[in-house]
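The values are calculated or read from the model by the stated rules, or taken from the named source; none is laboratory data. In this text the structure is predicted, and so the values were computed from the model without any measurement. Cβ coordinates were reconstructed from backbone atoms using ideal geometry, including for glycine residues, and neighbour counts include every protein chain displayed.
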């Protein structure tokens with residue numbers, strides 16, 4: 001394994017472990033969070049809040065750094081416009097998340113915990129990604 005791959009492996013493992021410990025690989029927990037007028041489960045709000053807190057601290061620290069620790073330069077977003085593609089993708093992501101109770105990170109992490117159900121989600125996700133590339137290639 002090359003040196004640049006090690007931080008990615010450690011980060012991915014930590015992310016997956018956090019998702020599993022937070023219960024985000026359980027679709028019932030995610031659907032419980034989205035069920036505002038039924039048996040609402042606030043667990044996901046705490047997981048999201050923890051992520052937002054960490055990101056807020058890092059986002060404030062980045063401008064004070066000359067370069068990142070493990071790269072030659074920062075790769076920060078430069079666009080702030082809302083396009084139909086962005087809005088449509090966000091809507092599709094949200095609908096899929098609500099229906100399946102999984103999003104890409106927890107879906108992949110769930111392959112270890114509950115491979116049968118997660119494999120269906122991951123296969124559908126990969127098929128959707130392939131379809132988008134196919135349609136974008138045809139429209140270009």
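See the values below:
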{"quantity": "Selection within the range 22-45 - in contact (Cβ under 8 Å) with a residue 24 or more places away in the chain and not in a loop (DSSP other than H, G, I, E, B)", "calculated": "27, 28, 29, 30, 31, 34"}
{"quantity": "Subset of the range 73-112 (residues that are surrounded by 15 or more Cβ atoms within 10 Å (Cβ to Cβ) and not in a helix (DSSP H, G or I))", "calculated": "101, 102, 103"}
{"quantity": "Members of the range 113-134 that are surrounded by 15 or more Cβ atoms within 10 Å (Cβ to Cβ) and either without any contact (Cβ under 8 Å) to a residue 40 or more places away in the chain or at positive phi (or both)", "calculated": "121, 122, 125"}
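Residue-by-condition table, conditions (1) at pLDDT 85 or above; (2) surrounded by 12 or more Cβ atoms within 10 Å (Cβ to Cβ):
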| site | (1), (2) |
| --- | --- |
| 6 | yes, no |
| 13 | yes, no |
| 16 | no, yes |
| 32 | yes, yes |
| 57 | yes, no |
